[in-house]
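See below for the structure under consideration.
The values are calculated or read from the model by the stated rules, or taken from the named source; none is laboratory data. The model shown is predicted, which means the values in this text are computed figures rather than measured ones. We place every Cβ from the backbone using ideal geometry, glycine too, and count neighbours over all the protein chains shown. In case anyone asks, the SASA skips ligands and DNA or RNA and just uses the protein heavy atoms, side chains included. Shrake-Rupley method; radii C 1.70, N 1.55, O 1.52, S 1.80 Å.
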Amino acid sequence: MNFERSAGVLLHPTSLPGKYGIGDIGEDAYKFVDFLHDAGQTLWQVFPLGPTGYGNSPYQCVSAFAGNPLLISPDKLKEEGFLSKNELDDLPIENSSRVDFGNAINYKMSLLKKAFNNFQNDSNGLDMEIKLFCENHKEWIDDFALFMACKEAHGGAVWSEWDKGLVHRDKKSLKKWSDKLSDEIIFQKFVQFIFFRQWKSLQIYANKKGIKIIGDMPIFIAYDSSDLWANKNEFTVDDGGKLTFVAGVPPDYFSATGQLWGNPLYKWEVMEKNNFLWWRKRFSSLLELVDIIRIDHFRGFAAYWKIPGDAKTAEPGKWIKAPGEKLFNSLKNHLGDLPILAEDLGVITPDVEALRDQFGFPGMKVLQFAFGEDMEKKFLPHNYMPNCVVYTGTHDNDTTKGFFDKEKEKKNDGDIFEHAQKYLNYFGDDLVSELIRTAYASVANFVIIPMQDILNLGTEARMNFPSTLGGNWSWRFTWDQVDKNLHKHLHGLANLYERPPKKKDTEEK
């Protein structure tokens with residue numbers, strides 16, 4: 001698929017401002033879309049939108065299909081008649097620049113319970129709409145709702161520690177627990193209906209403003225997920241929940257023992273038998289919510305590091321060829337040309353590049369990786385091909401200001417900071433802005449800048465420290481940080497480097 005020159009911003013909805021402890025898809029999300037439009041942006045990239053599990057990582061969701069209840073807007077629930085003004089008046093959460101997930105989860109879920117109780121008393125005529133929604137999403141929502149209800153009933157325990165009948169999905173046990181937890185199951189379906197309803201409204205608003213949403217698809221699913229529990233035959237796990245093989249990466253310069261991720265792997269030989277039906281459902285489902293899909297860890301579709309399930313490190317693993325070509329041919333045959341971006345960072349071998357290029361998927365360029373003695377030359381802008389996406393940094397990096405502030409302090413011969421100055425021919429005090437301008441000026445069809453870099457924030461605004469727990473995914477911006485002329489500056493860059501919004505005015509008259 002061919003992509004036109006465009007510019008956009010990377011910002012997950014949880015990072016939006018708002019008074020309920022965590023960013024959501026209410027008023028501030030629409031205000032952010034207006035900002036993007038005024039700034040000449042046509043792309044908004046987000047992280048995975050699914051419900052998060054332990055650690056609050058959007059890349060470890062309890063479902064590859066469901067939406068995150070924490071993103072639901074209480075104000076929208078009030079507008080829809082599911083919450084009263086009085087129920088929103090008492091705010092136990094301090095409105096801060098960081099998410100306190102513990103408090104936010106407790107408060108948001110209590111509001112959703114109140115909304116559900118109000119719905120049961122007065123459905124506002126939505127009974128049939130919810131029924132139709134569940135029918136249209138039957139391939140995943142029944143299993144998901146039962147999974148979440150059972151997880152709640154078992155005190156949040158991992159599914160492999162539940163009642164044995166549930167672990168093995170014995171029909172009698174499934175029926176017994178479905179009857180026992182019927183109210184909670186209906187609640188879970190109600191929440192998903194509300195999420196999809198609110199998100200779709202936001203997506204339509206963004207599209208009318210000429211803005212496409214880029215969604216993220218992690219290649220692997222989480223162990224503690226409804227996807228694994230309901231489809232064990234397609235993953236490397238036995239019927240009792242014991243992992244036979246897991247995902248990771250081999251030892252390298254950064255880690256002598258490699259990285260043991262622990263995610264289940266796919267039984268590709270099983271998936272091939274039904275022409276990758278599970279994957280077709282997954283892509284179709286995500287494309288209900290987003291306009292473009294970025295595949296995380298794309299290299300896993302060419303080959304993956306297969307580690308025994310009982311291994312203590314990633315060292316005993318081995319490379320196994322994946323049927324990426326067969327998968328993407330199947331997707332193309334059934335769903336047509338899909339708007340896909342490939343995260344191809346790290347050690348990328350020729351077979352990964354060949355798979356990416358065979359289907360015309362744009363790869364990623366990260367400017368933070370472009371400078372210094374150990375630079376990767378492919379990230380220097382003069383080496384770009386148009387069919388790529390350029391970022392200043394990603395959610396797993398320090399902010400660009402934080403990154404260069406640290407490099408500036410090192411002052412090594414031929415260091416990263418000095419190389420960046422010389423390459424950019426810029427020796428002033430605002431290297432971040434110059435790097436953003438360079439990204440815009442490049443031949444890359446897409447330029448995506450993290451909101452932290454647009455605001456020129458330091459390490460305090462970093463989103464994630466990989467392989468660590470606690471404190472991640474919690475950064476939020478405030479409207480006070482957005483200069484009143486920032487949209488004009490970005491709009492000027494978009495026009496200067498021919499990345500403007502669509503000429504046709506798609507706003508509602």
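For the stretch 425-444, which positions are without any contact (Cβ under 8 Å) to a residue 24 or more places away in the chain, more than 16 Å from Leu380 (Cβ to Cβ) and not small (Gly, Ala, Ser)?
Within the stretch 425-444, Phe427, Asp429 meet the criteria.
Residue count for the stretch 1-28, restricted to those that are in a helix (DSSP H, G or I) and within 16 Å of the chain's Cα centre (by Cα): 3.
Scanning the stretch 439-457 turns up no residue that is over 26 Å from Glu4 (Cβ atoms) and open to solvent by 60 Å² or more (accessible area, probe 1.4 Å). Scanning the stretch 384-422 for residues that are assigned to a helix (DSSP H, G or I), surrounded by fewer than 17 Cβ atoms within 10 Å (Cβ to Cβ) and not acidic (Asp, Glu) yields Lys406, Lys408, Lys410, Lys422.
I want to confirm something. Restricting to the stretch 333-343 and keeping residues that are touching a residue at least 24 places away in the same chain (Cβ under 8 Å) and farther than 18 Å from Asn387 by Cα, which single residue is surrounded by the most Cβ atoms within 10 Å (Cβ to Cβ)?
Top of the filtered list is His334.
If we scan the stretch 280-300, do we find a residue that is aromatic (Phe, Trp, Tyr) and open to solvent by 10 Å² or more (accessible area, probe 1.4 Å)? No.
Of the helices (runs of 4 or more DSSP H) lying entirely inside the stretch 88-184, the ones with 3 or more residues being open to solvent by 50 Å² or more (accessible area, probe 1.4 Å) and not charged (D, E, K, R) are found at 101-121, 127-136.
Scanning the stretch 436-456 for residues that are touching a strand residue (DSSP E or B) at 6+ places or on another chain (Cβ under 6 Å) and part of a helix (DSSP H, G or I) yields a total of 4.
If you check Asp429 against the conditions, is it open to solvent by 10 Å² or more (accessible area, probe 1.4 Å), modelled with pLDDT under 95 and not in a helix (DSSP H, G or I)?
yes
With respect to the conditions (1) out of contact with any Lys or Arg (no Cβ under 8 Å at 6 or more places or on another chain); (2) within 24 Å of Gly155 (Cα to Cα); (3) of a type in the set (Phe, Trp, Tyr), Phe47 lacks only one, and its number is (2). Would you mind stating whether Tyr20 is modelled with pLDDT under 95, out of contact with any helix residue (DSSP H, G or I) (no Cβ under 9 Å at 6 or more places or on another chain) and of a type outside the set (Gly, Ala, Ser)? Judged against the criteria, Tyr20 is not a match.
This table checks each residue for (1) open to solvent by 20 Å² or more (accessible area, probe 1.4 Å); (2) assigned to a loop (DSSP other than H, G, I, E, B); (3) of a type outside the set (Phe, Trp, Tyr).
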{"residue": "Leu331", "(1), (2), (3)": "no, no, yes"}
{"residue": "Leu345", "(1), (2), (3)": "yes, yes, yes"}
{"residue": "Ala354", "(1), (2), (3)": "yes, no, yes"}
{"residue": "Gly360", "(1), (2), (3)": "yes, yes, yes"}
{"residue": "Met375", "(1), (2), (3)": "yes, yes, yes"}
{"residue": "Lys378", "(1), (2), (3)": "yes, no, yes"}
{"residue": "His382", "(1), (2), (3)": "yes, no, yes"}
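Within the stretch 189-242, if we keep just the residues that are closer than 25 Å to Cys134 by Cβ and charged (D, E, K, R), the residue that is surrounded by the most Cβ atoms within 10 Å (Cβ to Cβ) turns out to be Asp227. Could you go through the stretch 61-71 and let me know if any residue there is at negative phi and either out of contact with any helix residue (DSSP H, G or I) (no Cβ under 8 Å at 6 or more places or on another chain) or among the charged types (D, E, K, R) (or both). Yes, the conditions are met somewhere in the stretch 61-71. Contact annotation: residue pairs with Cβ atoms under 9 Å, 6 or more positions apart or on different chains, pairing a residue in the stretch 265-276 that is open to solvent by 20 Å² or more (accessible area, probe 1.4 Å) with a partner that is among the acidic types (Asp, Glu), are Lys267/Glu234; Val270/Glu234. Take the residues of the stretch 299-329 that are in contact with a Phe, Trp or Tyr (Cβ under 9 Å, 6 or more places away or on another chain) and part of a helix (DSSP H, G or I): which is farthest from Ala256 (Cα to Cα)? Among residues in the stretch 299-329 that are in contact with a Phe, Trp or Tyr (Cβ under 9 Å, 6 or more places away or on another chain) and part of a helix (DSSP H, G or I), the one farthest from Ala256 (Cα to Cα) is Asn329. For Lys31, state whether it is over 23 Å from Asp224 (Cβ atoms) and of a type in the set (Lys, Arg). Here the answer is yes, as Lys31 does meet what is asked. Pro218 - would you say it is touching a residue at least 60 places away in the same chain (Cβ under 8 Å) and closer than 26 Å to Tyr54 by Cβ? Criteria met by Pro218. Tell me yes or no: at least one residue of the stretch 45-64 is open to solvent by less than 30 Å² (accessible area, probe 1.4 Å) and more than 30 Å from Lys114 (Cα to Cα). Yes, because at least one residue in the stretch 45-64 is open to solvent by less than 30 Å² (accessible area, probe 1.4 Å) and more than 30 Å from Lys114 (Cα to Cα). Please specify each residue of the stretch 243-264 satisfying the condition of being among the hydroxyl-bearing types (Ser, Thr, Tyr) and either open to solvent by 40 Å² or more (accessible area, probe 1.4 Å) or modelled with pLDDT of 95 or more (or both). Of everything in the stretch 243-264, those that are among the hydroxyl-bearing types (Ser, Thr, Tyr) and either open to solvent by 40 Å² or more (accessible area, probe 1.4 Å) or modelled with pLDDT of 95 or more (or both) turn out to be Thr244, Tyr253, Thr257. Could you identify the single residue in Pro381, Pro362 that is under 30 Å from Phe417 (Cα atoms) and touching a Cys at 6+ places or on another chain (Cβ under 6 Å)? After applying the criteria, what remains is Pro362.
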